[in-house]
Amino acid sequence: MSKVMIIGAGGVSNVTTQKCGLNPDVFSEILLASRTESKCKEIAARTKIPVHTAKVDADDANEVAALIKDFKPKLVINLALPYQDLAIMDGCLKTGVDYLDTANYEPKDEAKFCYKWQWDYQERFAKAGLMALLGCGFDPGVTNIYCAYAQKHHYDEINYIDIFDCNAGSHGKAFATNFNPEINIREITQRGKFWEDGQWKETDPLSVHFDFDYPTIGPKDSYLMYHEELESLVKNINGLKRIRFWMTFGQEYLTHLRVLQNVGMTRIDPVMYEGKEIVPLQFLKAVLPDPGSLAEGYTGKTCIGCVFKGKKAGKDVSRYIYNICDHAQCHTEVHAQAISYTTGVPAMIGAMMMLKNTWRGKGVFNVEQFNPDPFMEQLNIHGLPWIDTEYHATL
Ligand code: NDP
């Protein structure tokens, strides 16, 4: 049984904290620290093991380190924003504690999604005998683990991977994002990018799309986007010729996004307003619905998974591994919508893998570098069952 410290008290943290509380054989006590302590207290009240709360500015590694020193957790689970990743990793290094997150570091002034900054911590974590596990949500996270599982059980070489992320849910709002609006909009408005024949190829934002037929949901227009797991999978999967990432968007969402972009509301550079600098995208976040508040009344399902094509013993093999998650069921279980749920549960399982030493190493790791089997087993137990089937359509 171990103490963990969780940083951030948003939609994902709400799920991870409660799920840790449902596994008292692994998690004995939690310190939940965030910018707004009242949000930590709300989550604590729903959690079944003792949760202490604190206020922290996680941009400050010394504040993070001071809390760690005081509480002495075995692991810090970072569920704040990608901007805080490096400061929290520094706090862990200062105090000799392991680290886990669900999204790679981004500088505030540039929407740049790459692991370089965090991979650069490899030597420091290895020297300190510590482990950092990066990107342990659903995508990145479970999608990477599906790839590792396919590589281990179905293929000698995987040549083609297409990751499909569909949210066919309805929250009844004209425009809202399912996780932090600032991070979400930065990600979606960047140029598309995929990897083919040894090089990265770019496309205009959301310019490439087609109808993919999602199991139980049906055909949905799916848009090619860059997503961070592509970068580590290109390094860690054998025989890859092409890897792409696709996400569904409704027309209503895209129309709102286009208008917001056209009027400058998605800009991330500061503008002067009444003598004060403001960042338009941060202001937009303040007026959009809190993703956590979408959970009540959210209907429909998500379907996220990977389609693989490759070879085993000289024969062509095509498979599809995916999960279907129901928004309303997530609300009944932990007051969350499915996007927070599908991210928060893998973060809890990743923490479990580290605390039980099922996954162990010195340095900085992406999840596909470990044995996928124990993680896949836990997904079935903790609410994210998966289907592994043949797949024969041409992509
Ligand atoms: P939210 O915006 O709901 O929550 C973020 C939390 O971090 C808030 O409680 C916020 O505080 C807190 N926070 C922000 N800045 C600081 C700071 N400087 N110090 C301390 N706390 C801070 O986001 P989500 O819960 O939706 O997402 C959490 C993370 O999960 C993000 O990094 C996101 O990118 C990632 N994610 C990953 C996915 C995956 O599949 N891998 C999918 C979805 C999300 P306050 O409450 O005061 O605003």
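The values are calculated or read from the model by the stated rules, or taken from the named source; none is laboratory data. Since the structure is predicted, the reported quantities are computational estimates derived from the model, not experimental observations. Note: ideal-geometry Cβ built from the backbone for every residue, glycine included; neighbour counts use all protein chains shown. SASA here: full protein model, heavy atoms, side chains in, ligands and nucleic acids out. Shrake-Rupley method; radii C 1.70, N 1.55, O 1.52, S 1.80 Å.
What's the local net charge at F249, with K and R +1, D and E -1, over the other residues with C-beta under 14 Å away?
-3
Add -39500 (n - 2.57) for each DSSP H run of 4 or more in the chain, then divide by its residues: what number comes out at 222 nm, to the nearest 500 deg cm²/dmol?
Only helices count here, giving -10000 deg cm²/dmol.
Quick one: the Cα spread of segment 142-334 along its three principal axes, in angstroms, biggest first?
Its Cα atoms span 67, 41, 26 Å along the three principal axes.
Using the beta-carbon distance between K241 and D109 and R0 = 41 Å, what value does 1/(1 + (r/R0)^6) give for FRET efficiency, to the nearest 0.05?
0.70
Restricting to the chain, what percent of DSSP beta bridges are antiparallel, rounded to 5? Could the numbers behind the result be given before it?
Numbers: 48 of 80 bridges.
Taking every DSSP beta bridge within the chain, about 60 percent pair in antiparallel fashion.
Using the C-alpha atoms of segment 96-223, what convex hull volume per residue, in cubic angstrom, is computed?
Considering the Cα atoms of segment 96-223, their hull volume per residue is 185 Å³.
Taking the convex hull of the Cα atoms, report for segment 308-395 its projected area averaged over all directions, in nm².
So the mean shadow area of the Cα hull is 8.0 nm².
Determine the alpha carbon to alpha carbon distance for each of K108/K362; K55/K127; K173/K285 and list only those over 19 Å.
On the way: K108/K362 29 Å; K55/K127 30 Å; K173/K285 15 Å.
Violating the 19 Å Cα-Cα cut-off are K108/K362; K55/K127.
Have a look at the chain and give its Rg and Dmax from the Cα atoms, expressed in angstrom.
20.1, 68
With every protein chain present, what is the per residue accessible area of the chain (1.4 Å probe, Å²)?
Each residue of the chain exposes 41 Å² on average to a 1.4 Å probe.
Which FRET efficiency value, to the nearest 0.05, do you get for W200 and H392 by plugging their Cβ-Cβ distance into 1/(1 + (r/R0)^6) with R0 = 45 Å?
Using R0 = 45 Å, I get an efficiency of 0.95.
Scanning the chain for helices, which whole DSSP H stretches are 24 Å or more long along the axis (Cα) and average -1.0 or more by Kyte-Doolittle?
Qualifying helices, which must be both long enough and hydrophobic enough, are 338-355.
What's log10 of I(q)/I(0) for segment 151-198 at q = 0.14, 0.32 Å⁻¹, Debye sum over Cα points only, no solvent?
Result of the Debye calculation: -0.64, -1.29.
Using Cα centres only, tell me the gap between segment 143-172 and segment 1-61 in whole Å.
29
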